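So that we are looking at the same thing, I have put the structure below in structure tokens.
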Amino acid sequence: MNLTAGDIAKLAEGDLRGDASVRLFAAAPLDKACEADLAFLADPAMAPAAAAARAGCLLAPRGTEEALKDFRGAVVFTKNPRYAFMLALRLLEKELRPQPPAGTHPSAIVSPSAKVEPSAHIGPCAVVEDDAVVAYGAVVGAQCYVGRGSRVGRAARLYPGVRIMDGCEIGAECILHAGAVIGSDGYGYTSDRNVHEKIPQLGKVVLEDRVEIGANCAIDRAALEATLIGAGTKIDNLVHIAHNVRIGKNCLIIAQAGIAGSTTVGDGAIIAGQAGISDHIKIGDNAVVMAKTGIMSDVEPGQVLFGHVGRPRVQAMKVEALLSRLPEMHRTLSKIKRRLGI
Amino acid sequence: MNLTAGDIAKLAEGDLRGDASVRLFAAAPLDKACEADLAFLADPAMAPAAAAARAGCLLAPRGTEEALKDFRGAVVFTKNPRYAFMLALRLLEKELRPQPPAGTHPSAIVSPSAKVEPSAHIGPCAVVEDDAVVAYGAVVGAQCYVGRGSRVGRAARLYPGVRIMDGCEIGAECILHAGAVIGSDGYGYTSDRNVHEKIPQLGKVVLEDRVEIGANCAIDRAALEATLIGAGTKIDNLVHIAHNVRIGKNCLIIAQAGIAGSTTVGDGAIIAGQAGISDHIKIGDNAVVMAKTGIMSDVEPGQVLFGHVGRPRVQAMKVEALLSRLPEMHRTLSKIKRRLGI
Amino acid sequence: MNLTAGDIAKLAEGDLRGDASVRLFAAAPLDKACEADLAFLADPAMAPAAAAARAGCLLAPRGTEEALKDFRGAVVFTKNPRYAFMLALRLLEKELRPQPPAGTHPSAIVSPSAKVEPSAHIGPCAVVEDDAVVAYGAVVGAQCYVGRGSRVGRAARLYPGVRIMDGCEIGAECILHAGAVIGSDGYGYTSDRNVHEKIPQLGKVVLEDRVEIGANCAIDRAALEATLIGAGTKIDNLVHIAHNVRIGKNCLIIAQAGIAGSTTVGDGAIIAGQAGISDHIKIGDNAVVMAKTGIMSDVEPGQVLFGHVGRPRVQAMKVEALLSRLPEMHRTLSKIKRRLGI
């Protein structure tokens, strides 16, 4: 690859000490890095320990020049080494995990009525149905399915085996990981004496721009309108989003969380792993539903909730601590009852 | 499309007021509907508010004729507007999401020994293995897999990427959403000093008629006999059903629930989202296991359970309420101890 | 098939009573078995009841000869009938669920730079990318994806629709069930004023030998190094393993469990169904995290934890029991307060 310590210095807008021509082939945590690796140091206090590291090039915070004077490789001193490291990873990624080339693989099945930009990639055994649109620079990976009338936005990336059902919309620069399903039917029935008749699900799913969807997620289409995931929201693996849900912008929804029908989630909210939100709930902007928490009523903006039935975090932690003392409380009560002759 | 207000009136067995020739292109919630939309009003008390709505055609309960006298579009007065709306949605669905045509896509790989009815649809890149049977009017979507000796029943619908492993049986009119896996191996090992040897899983999965399975579900084959899902049972996304489980008829099993090995669930039971049932448990008919509830012992018919360890609902809600008062209870106890000099 | 009672006797290193030539076509639980079935009896105390069973051949513990004197079929008396039954199931499996043949299906898309052993099977519509390696006797099922530079080990089995992303390593004799995803991106972002920028995920996933992965699991690649699953570990359906996680050897991880980023799990640990482990946690060797348990701090070797917030099992069960008495405790407190005039 063609990334040198000199390139890193430019990228990081930093000051290079050492050999600008050192070539870097990968990135690694500081304690594991070898001569071919780029590494970074975030905490100035760790600089003395870092001086013995073997990385070929180290991104370090300004002010650690003295502490790192014995470091053998190249060092780039910069304001935010962590951020610069991420920028370098992006360059590395382009080499290690290149974008597939433009064009349609001969084994893909693309409807004549689909509109696929020449710059897009359609992988082997992918299927693109009638009237679907695949925009400029999008990647539809191997064995993906793009349903009738769906739209895959500019530079969106669908990893292998993603299924976009008919009529759904994937925004620009979205990333969908393998096995994700977008636009499965919502779970809607009318039930009469225990017989459940399916209510047709005629809506769609809309992912706004820069949404990321984890592997094997399932996001249901709305009954009539749209299940909506706001711009910049990032969803982890195996998450379930039910029909008619509306999620705001820049939310984080962690693995195995589930959100039931017609619930709305405000901008910037965090729904942590294995959390579950009931249907028809409102979660306010910037609220945090902690891991494994169950939510059965509305959540105010900014609230942080925890517990099998979610409570405000401080209260939940207090209850949790007292649960450990419940046996002791029970013994004390018995003692008091005996004392009082109750 | 060819659905008019007159058609709706016939379908609803209702009385039409207004222009029978109004064409409807879609359906929408009442407050969002425009002139091209069908909408419905369920609650007569909301009729005055509904009079200003802009739907092209409104399904309304009998008795609201006066309250809706200023409504500008066509109105169909009928006994059960919600049900009539669902019937109309079914007609709309046929237009908006048509069944794929009969026949086998040239890119599908169908074994010469498989028996596929000419009326069935086998989609692009689907694979149908030896001795499999695909019955009259069934749809095997793009990229689906139908294993050796499996049977896909009459008018069953497999959305793209469904995998039916060998020897499994899918009943008539079943609907399987994208990515669902039917017939993966049960999780069975004999363990000796921490080394786990796989017990072959030689049974199958049987879905009776009209079962629906959500996206990315996983339903394991039995060790020897059959994992069974009873007729009319509807399963939501990302549900796990372990080997040897037997689920009754017309159950509802909501997203991300999990049922461990050899458990039986009675007819008409509801297992809500993220609930978990241990192995070798009996859940009675019409029991309800509420969301996120854990079940570690048998559940009587009709019982409604809630909690991290499931308790009868009323008791669970009482415990839940008292948990919030646990800090106060603890303070009171301290006070009493001081008072009594304990 | 060619399995006779005589074959079973040899396999079980047991003593045969009855007709060695009885042919067995399947295996069944003792109470359901018919003349064509092999069955087994584990508990000598049940032998009298078993005498009336109709199995064609019965594996029974030594010492039950007298109690089974009226059993009509062949009996093989052996030391460990359950284990012998499992060995017989393995033979049956070879007939009922044969390995696919060596060779590449003409519809598979295999890169010229991939190295596929002639003894390996590449199924229909499978995709094997550049520089991937598929070793001796491996089975890459229909519609599987093997990414660039990945390695599928000797005799590994990938069921249909498994996705191995680029650069991942699957050990010898691993079994991956349908829809499993190995090597999706870890969930890593740097967040600034609620805008989340993706941190490239440049690591890989390594499954050591004899690992089993359930249907529709998702196992993320490390950010820089490897997400590691130790040899002999068995993972059930719909499990989520985040980036940088390291799991020891011979662990059992049951359905729908989730393990967050950078957590390590020791050898022989059991993580039960729907359990959730926070990030950067250490779980000791042979620890047991019971079903639905949440873990937010390190777990010592051998500890058994249970609860929404995991506590040592005995304590958790005591707390659980006292929760049921919380209403009574609250009433008693009120009574005491009244008595004391508080």
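The values are calculated or read from the model by the stated rules, or taken from the named source; none is laboratory data. Quick caveat, the model's predicted, so the values are computed rather than measured. For neighbour counting, all protein chains shown are included, and Cβ atoms are generated from backbone atoms with ideal geometry for every residue, glycine included. These accessible areas exclude ligands, DNA and RNA; they are computed on the full protein's heavy atoms, side chains included. Shrake-Rupley method; radii C 1.70, N 1.55, O 1.52, S 1.80 Å.
Among the listed residues B:Glu93, B:Glu35, which satisfies the condition of being modelled with pLDDT under 95 and open to solvent by 70 Å² or more (accessible area, probe 1.4 Å)? Write out each step before concluding.
Working: B:Glu93 fails: open to solvent by 70 Å² or more (accessible area, probe 1.4 Å).
None of the other options fit; the residue is B:Glu35.
Considering only residues that are away from every other protein chain (no Cβ under 14 Å) and open to solvent by less than 70 Å² (accessible area, probe 1.4 Å), look in the stretch A:69-90 and name the one that is farthest from A:Ala132 (Cα to Cα).
Ranking the candidates gives A:Phe71 first.
For A:Gly141, indicate whether it is within 14 Å of chain B (Cβ to nearest Cβ), open to solvent by less than 30 Å² (accessible area, probe 1.4 Å), closer than 30 Å to C:Val239 by Cα and in contact (Cβ under 8 Å) with a residue 40 or more places away in the chain.
On the way: within 14 Å of chain B (Cβ to nearest Cβ): yes; open to solvent by less than 30 Å² (accessible area, probe 1.4 Å): yes; closer than 30 Å to C:Val239 by Cα: yes; in contact (Cβ under 8 Å) with a residue 40 or more places away in the chain: yes.
Considered against the rule, which asks whether it is within 14 Å of chain B (Cβ to nearest Cβ), open to solvent by less than 30 Å² (accessible area, probe 1.4 Å), closer than 30 Å to C:Val239 by Cα and in contact (Cβ under 8 Å) with a residue 40 or more places away in the chain, A:Gly141 comes out as yes.
Let me ask something else about it. Yes or no: the stretch A:55-64 includes at least one residue that is out of contact with any Leu (no Cβ under 9 Å at 6 or more places or on another chain), surrounded by fewer than 18 Cβ atoms within 10 Å (Cβ to Cβ) and more than 14 Å from chain C (Cβ to nearest Cβ). First the steps, then the outcome.
Pass one, the stretch A:55-64, residues out of contact with any Leu (no Cβ under 9 Å at 6 or more places or on another chain): A:62-63.
Of the ones still in play, those that are also surrounded by fewer than 18 Cβ atoms within 10 Å (Cβ to Cβ) are A:62-63.
Narrowing further to those that are more than 14 Å from chain C (Cβ to nearest Cβ): A:62-63.
Yes, the conditions are met somewhere in the stretch A:55-64.
Same structure again: From the list C:Arg193, C:Arg148, C:Arg154, C:Arg210, which residue is over 17 Å from A:Pro160 (Cβ atoms), at pLDDT 95 or above, of a type outside the set (Gly, Ala, Ser) and out of contact with any strand residue (DSSP E or B) (no Cβ under 9 Å at 6 or more places or on another chain)? Steps first, please.
Values: C:Arg193 fails: at pLDDT 95 or above; C:Arg148 fails: over 17 Å from A:Pro160 (Cβ atoms); C:Arg210 fails: out of contact with any strand residue (DSSP E or B) (no Cβ under 9 Å at 6 or more places or on another chain).
The match here is C:Arg154.
Which condition number does B:Asp220 fail, the rest of (1) touching a Lys or Arg at 6+ places or on another chain (Cβ under 8 Å); (2) away from chain A (no Cβ under 14 Å); (3) open to solvent by less than 10 Å² (accessible area, probe 1.4 Å); (4) charged (D, E, K, R) being met?
(1)
Of the residues that sit in the stretch A:38-48 and are buried (at least 17 other Cβ atoms within 10 Å of the Cβ) and aliphatic (A, V, I, L, M), which one is farthest from A:Tyr83 (Cα to Cα)?
Start the filter on the stretch A:38-48 by keeping residues that are buried (at least 17 other Cβ atoms within 10 Å of the Cβ), which leaves A:38-41, A:47.
Those left that are additionally aliphatic (A, V, I, L, M): A:38-39, A:41, A:47.
Details: A:Leu38: 13, A:Ala39: 12, A:Leu41: 11, A:Ala47: 18 Å.
Applying the filter and picking the extreme gives A:Ala47.
Now, a different point. Conditions: (1) in contact with a strand residue (DSSP E or B) (Cβ under 6 Å, 6 or more places away or on another chain); (2) at pLDDT below 95; (3) over 21 Å from A:Lys198 (Cα atoms). B:Asp70 meets all but one. Number of the miss?
(1)
What are the residues in the stretch A:239-249 that are buried (at least 24 other Cβ atoms within 10 Å of the Cβ) and either more than 30 Å from B:Ala36 (Cβ to Cβ) or within 10 Å of chain C (Cβ to nearest Cβ) (or both), if any?
To start, the set of residues in the stretch A:239-249 that are buried (at least 24 other Cβ atoms within 10 Å of the Cβ) comprises A:239-245, A:247.
Matches in the stretch A:239-249: A:Val239, A:His240.
Looking only at the stretch B:157-189, filter to residues that are hydroxyl-bearing (Ser, Thr, Tyr) and at the interface with chain C (Cβ under 10 Å from one of its Cβ atoms); which one of those is surrounded by the fewest Cβ atoms within 10 Å (Cβ to Cβ)? Outline the logic, then answer.
Taking the stretch B:157-189 and keeping what is hydroxyl-bearing (Ser, Thr, Tyr), we get B:159, B:184, B:187, B:189.
Next, from what is left, pick out any that are at the interface with chain C (Cβ under 10 Å from one of its Cβ atoms): B:184, B:187, B:189.
Details: B:Ser184: 26, B:Tyr187: 28, B:Tyr189: 15.
The extreme case among them is B:Tyr189.
Mind listing just one residue for me: the one in the stretch A:288-323 that is of a type in the set (S, T, N, Q) and in contact with a strand residue (DSSP E or B) (Cβ under 7 Å, 6 or more places away or on another chain) and, of those, nearest to the other protein chains (Cβ to nearest Cβ)? Don't jump to the end; show me each part of the working.
Pass one, the stretch A:288-323, residues of a type in the set (S, T, N, Q): A:293, A:297, A:303, A:315.
Pick out the ones that are also in contact with a strand residue (DSSP E or B) (Cβ under 7 Å, 6 or more places away or on another chain) and you get A:293, A:303.
Numbers: A:Thr293: 9, A:Gln303: 15 Å.
The residue in question is A:Thr293.
Testing B:Arg154 on (1) open to solvent by less than 10 Å² (accessible area, probe 1.4 Å); (2) within 27 Å of A:Ala218 (Cα to Cα), one condition comes back false. Which one is that?
(1)
Here is a follow-up. Which of the numbered conditions does A:Leu228 fail, given that it passes all the others? Conditions: (1) of a type in the set (A, V, I, L, M); (2) open to solvent by 10 Å² or more (accessible area, probe 1.4 Å); (3) within 17 Å of A:Leu305 (Cα to Cα).
Going through the list (1) of a type in the set (A, V, I, L, M); (2) open to solvent by 10 Å² or more (accessible area, probe 1.4 Å); (3) within 17 Å of A:Leu305 (Cα to Cα), A:Leu228 breaks only (3).
Considering the stretch B:289-322 alone, what residues qualify as being open to solvent by 20 Å² or more (accessible area, probe 1.4 Å) and assigned to a helix (DSSP H, G or I)?
Scanning the stretch B:289-322 gives B:Arg313, B:Val314, B:Gln315, B:Met317, B:Lys318, B:Glu320, B:Ala321.
Which members of the stretch C:90-135 meet the condition of being part of a strand (DSSP E or B) and under 15 Å from C:Ala155 (Cβ atoms)? Explain how you work it out, then say what you get.
Step one: filter the stretch C:90-135 for residues part of a strand (DSSP E or B), giving C:103-104, C:109-110, C:115-116, C:121-122, C:127-128, C:133-134.
Hits for the stretch C:90-135 are C:Val116, C:His121, C:Ile122, C:Val133, C:Val134.
Turning to a different aspect of this structure: Listed residues A:Asp192, A:Asp279, A:Asp236; which is free of Cβ contacts under 8 Å to residues at least 40 places away in the same chain and within 8 Å of another protein chain (Cβ to nearest Cβ)? Don't jump to the end; show me each part of the working.
Values: A:Asp192 fails: within 8 Å of another protein chain (Cβ to nearest Cβ); A:Asp279 fails: within 8 Å of another protein chain (Cβ to nearest Cβ).
Every option except A:Asp236 fails the conditions.
Then there is this: If I go through the stretch C:76-128 residue by residue, how many of them are under 30 Å from C:Asp19 (Cα atoms), touching a strand residue (DSSP E or B) at 6+ places or on another chain (Cβ under 9 Å) and of a type in the set (A, V, I, L, M, F, W, C)? First the steps, then the outcome.
Step one: list which residues in the stretch C:76-128 are under 30 Å from C:Asp19 (Cα atoms), which gives C:76-98.
This time we only want the ones that are touching a strand residue (DSSP E or B) at 6+ places or on another chain (Cβ under 9 Å), so: C:76-86, C:88-92, C:95-96.
Those still in the list that are of a type in the set (A, V, I, L, M, F, W, C) too: C:76-77, C:84-86, C:88-89, C:91-92, C:96.
Selection size over the stretch C:76-128: 10.
Going through A:Glu320, A:Glu328 one at a time, which residue ends up being free of Cβ contacts under 8 Å to residues at least 24 places away in the same chain and within 20 Å of B:Gly310 (Cα to Cα)?
Values: A:Glu328 fails: within 20 Å of B:Gly310 (Cα to Cα).
After ruling out the rest, the residue left standing is A:Glu320.
Looking only at the stretch B:250-272, which residues are open to solvent by less than 40 Å² (accessible area, probe 1.4 Å), among the aliphatic types (A, V, I, L, M) and not in a loop (DSSP other than H, G, I, E, B)?
B:Leu252, B:Ile253, B:Ile259, B:Val265, B:Ile271
Out of the strands (runs of 3 or more DSSP E) lying entirely within the stretch C:155-232, which hold 1 or more residues that are of a type in the set (D, E, K, R)? Before you say what the answer is, go through the steps one by one.
On the way: elements: C:181-184, C:189-192, C:195-198, C:204-207, C:218-220, C:226-229.
Per the criteria, C:189-192, C:195-198, C:204-207, C:218-220.
Between residues in the stretch A:29-52 that are over 23 Å from A:Leu91 (Cβ atoms) and residues that are among the charged types (D, E, K, R) and assigned to a loop (DSSP other than H, G, I, E, B), which pairs lie under 7 Å by C-beta distance while being six or more apart or on different chains?
That search, which allows pairs on different chains as well, returns A:Ala51/A:Asp70.
For the stretch B:273-288, give me the residue count where each residue is within 17 Å of A:Val195 (Cα to Cα) and either charged (D, E, K, R) or open to solvent by less than 20 Å² (accessible area, probe 1.4 Å) (or both). Even if it seems obvious, please write down each step before you answer.
Initially, the stretch B:273-288 is screened for residues within 17 Å of A:Val195 (Cα to Cα), giving B:285-288.
Filter again for either charged (D, E, K, R) or open to solvent by less than 20 Å² (accessible area, probe 1.4 Å) (or both), leaving B:285, B:287.
Within the stretch B:273-288, residues that are within 17 Å of A:Val195 (Cα to Cα) and either charged (D, E, K, R) or open to solvent by less than 20 Å² (accessible area, probe 1.4 Å) (or both) number 2.
Working only within the stretch B:324-333, note down all residues that are within 9 Å of chain A (Cβ to nearest Cβ) and surrounded by fewer than 16 Cβ atoms within 10 Å (Cβ to Cβ). Give the steps one after another, and end with the answer.
Of the residues in the stretch B:324-333, the ones within 9 Å of chain A (Cβ to nearest Cβ) are B:324, B:326-327, B:329-330, B:333.
Of everything in the stretch B:324-333, those that are within 9 Å of chain A (Cβ to nearest Cβ) and surrounded by fewer than 16 Cβ atoms within 10 Å (Cβ to Cβ) turn out to be B:Ser324, B:Pro327.
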